[in-house]
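Some notes on the structure that comes next.
Values quoted throughout were computed directly from the atomic coordinates according to the rules given, and no laboratory measurement underlies them. Here the structure is a predicted model, which means the values were calculated and not measured. Here the Cβ positions follow ideal geometry from the backbone for every residue, glycine too, while neighbour counts run over all protein chains shown.
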Amino acid sequence: MANIQEPKTFAFVGTYTKTNSEGIYVYTLDTTSGSLHYVNKITGLSNPSFLAVHPSKKYLFATREPDTSEEEGAVLSFSFDKETGALTFLNEQSSMGSSSCHMNVDRTGKYLLVSNYGSGSVAVFPINPDGTLSEKSDFIQHTGSSIHPRRQQSPHAHSITVAPSNRFAYAADLGIDKVLIYEFNAMTGKLTPNAQSSVNVAPGSGPRHFDFHPNNKWAYVINEISATLTAFTYDARNGNLVETQTVSTLPEDYSEIRSCADVHVAPSGRFIYGSNRGHNSIVIYKIDPRTGHLDYVDNVPTEGAAPRNFAIDPTGAFLFAANQDNDNIVTFTINSETGGLTPTGDITAVPMPVCIKIVPIS
């Protein structure tokens, strides 16, 4: 009888190549222990920081984030071998702006949406059947400013996230304290301002990353400058957002560096997690299943410095924190009842990790 191979789960890690990183690193994930095992890397890339995975799991996309906010960024496409873990470069396109920093593939797998932090813009790129990227199908330049004297004198689009329905896209703009709401046309790859074209957060907040609750009724944005997390009701019919609560991502007695980065709702929908650089922790809030109200649980040290992005595996068993300034990824188990995080002792050396994507291969 032929041996039946267990399905693999891969972890892709995007990095900054400012020091000794060589590009994008590929690992397999032991879904029992949470440990990561190196299998491959693709080299010769400059700052392939943020990643996105095609729904087919055949292709991977990366932003090429320049070292300065004035330089033009790019979006890169790779094919992925599900057996060996090897990535093969396919092509690239200009991101149509500077400091491209975040991307999202739409639910059909036909379009890649990208945000440009430096120039404060978003763009859409058609994905061809072979995984290559065509020239943009749309581009929108944000305008405006806010109150921070250094960081909010112009727009800085920090993320763009497609709604579960694929009908709307949400761009968190740190520079203007808004989450901009677009209708997304999956036939044409066009973005159109929604009837509710944006929602404001408190001045000086600096919205950064955005996530939806699995119940499709709530959404959240983490605010980098103010170190807060804002919860919204989400109307899937018209795309509208209404703020319901804003909470701190830091303990009350903390008064030093504030700099949030990433936010993810657990697959169970029971907890939400956010990363704090400076405090070097993951904040945990419990989500009331009836009201969506957020109740503080804990701040857990990431055992490293400058935790940028982090990932939760699809089963909700493990959280992986990327400590950019310590060149490592620390694995935590997630307590399904309390939401608490416990380090497993597994620490994976990765130079300047920025983004982690966990991809089960069925």
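If I model the stretch 111-242 as equal point scatterers sitting on the Cα atoms and use the Debye formula, what is log10 I(q)/I(0) at q = 0.11, 0.16, 0.17, 0.18 Å⁻¹? Scattering profile of the stretch 111-242, log10 relative to I(0): -0.36, -0.75, -0.84, -0.93. Straight-line reach from Lys286: taking Cα to Cα under 19 Å and skipping same-chain neighbours fewer than 8 places apart, the aspartates and glutamates in range are Asp211, Glu243, Glu252, Asp262, Asp295, Asp298, Asp313, Glu337.
Size estimate for the stretch 208-292 follows the Kirkwood approach: the inverse of mean 1/r over distinct Cα pairs works out to 13.0 Å.
Considering only Leu60, Asn335, Val39, the residue lying farthest towards the positive end of the dipole of the chain is Leu60, judged by Cα position with unit charges set on Cβ. Exceedance of the 20 Å cut-off in Cα-Cα distance is limited, within the set Lys18/Lys136; Lys178/Lys357; Lys41/Lys110; Lys18/Lys58; Lys8/Lys58; Lys57/Lys110, to Lys18/Lys136; Lys178/Lys357; Lys41/Lys110; Lys18/Lys58. Counting every C-alpha pair in the stretch 1-157, the share spaced more than 29 angstrom apart comes to 24%.
Report, to two decimal places, the Cα Rg of the chain normalised by 2.2 N^0.38 Å (N = number of residues).
Compactness ratio reported: 0.92.
Note on the stretch 77-149: Cα-Cα pairs beyond 14 Å make up 64% of the total pair count. Here is the list for the stretch 216-297: trypsin sites (Lys or Arg not before Pro) lying in DSSP coil, each with at most 13 other C-beta atoms within 10 angstrom of its C-beta, are Arg237, Arg290. Roughly how many whole Å is it from the C-alpha centroid of the stretch 257-321 to that of the stretch 1-61? With the stretch 257-321 and the stretch 1-61 each reduced to a Cα centre, they are spaced 22 Å. Taking the Cα centre of the stretch 67-193 as origin and assigning +1 to Lys and Arg Cβ atoms and -1 to Asp and Glu Cβ atoms, the resulting dipole is close to 480 debye. Sparse packing (at most 12 other Cβ atoms within 10 Å of the Cβ) combined with a DSSP loop state is found for the following GluC sites (Glu not before Pro) in the stretch 125-233: Glu135.
A dipole drawn for the chain from +1 and -1 charges on Cβ atoms has a positive end, and of Asn166, Val354, Thr315 the residue lying farthest that way is Asn166.
Roughly how many debye, to the nearest 20, is the charge dipole of the stretch 99-347 about its Cα centre, given +1 on each Lys and Arg Cβ, -1 on each Asp and Glu Cβ, and no other charges?
Around 720 debye, computed over the stretch 99-347.
Taking all Cα pairs closer than 8 Å and separated by 6 or more residues, the relative contact order of the chain comes to 12 percent.
If the convex hull of the alpha-carbon atoms of the stretch 1-93 is projected onto planes in all directions, what is the mean projected area in square nanometres?
On the way: hull surface 30.1 nm².
Here the figure is 7.5 nm², rounded to one decimal.
Neighbours of Gln324, meaning other residues whose beta-carbon lies under 14 angstrom from its beta-carbon, give a summed charge of -2 when Lys and Arg score +1 and Asp and Glu score -1. Summing Lys and Arg as +1 and Asp and Glu as -1 over all other residues whose Cβ lies under 10 Å from the Cβ of Ile282 gives a net charge of -2.
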